[in-house]
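This report refers to the structure that appears directly beneath it.
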Amino acid sequence: MGITILDKLAKSEFRSRFKLSVKDKDYVKTKGFDVIKKHAEDFIAKRIAPAFIKNDGKQTPMRNHPVFVAQHATACCCRKCVEKWHGFKKGVELTKSQQEYLVEIIMEWIKQQCRDI
């Protein structure tokens, strides 16, 4: 098995600092992965997918929802990070498959964080 994007992100000093809090994990446990995935799909579609985002670079809070934390950990937080880490050009609307790719990465990171619940 090759090195995945999550392996590469884990080697980033900045990205590797992000962890789900007990409160975040409890929220995931209460809501379930299907609901959390719906939240991720919504956040990506509205905050990341558009070609131009008015407050790009500041649209994703650093806490208060497990998906927000995961977006920072997986470099799915703004178009600059998405371009740098995932290769999706800034200034071009993300396709449905690109959005699904980002959601998959976010959800895999969340699942890894929640192995103990």
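The requirement of being modelled with pLDDT of 95 or more and farther than 19 Å from GLU108 by Cα is satisfied by ALA49. For the range 60-89, filtering for residues that are surrounded by fewer than 17 Cβ atoms within 10 Å (Cβ to Cβ) and without any contact (Cβ under 8 Å) to a residue 24 or more places away in the chain leaves 7. The set of residues in the range 43-79 being within 19 Å of LYS90 (Cα to Cα) and of a type in the set (D, E, K, R) consists of LYS46, ARG47, LYS54, ASP56, LYS58, ARG79.
Can you spot a residue in the range 36-45 that is assigned to a helix (DSSP H, G or I), on the phi < 0 side of the Ramachandran plot, aromatic (Phe, Trp, Tyr) and crowded, with 17+ Cβ neighbours inside 10 Å? Yes, the range 36-45 has at least one match. Can you spot a residue in the range 64-83 that is over 23 Å from LYS111 (Cα atoms), modelled with pLDDT under 95, of a type outside the set (D, E, K, R) and not in a helix (DSSP H, G or I)? No, that holds for no residue.
The values are calculated or read from the model by the stated rules, or taken from the named source; none is laboratory data. Owing to the predicted nature of the structure, the values given are computational and were not obtained by experimental measurement. In this analysis, Cβ positions are derived from the backbone assuming ideal geometry, glycine residues included, and neighbour counts consider all displayed protein chains.
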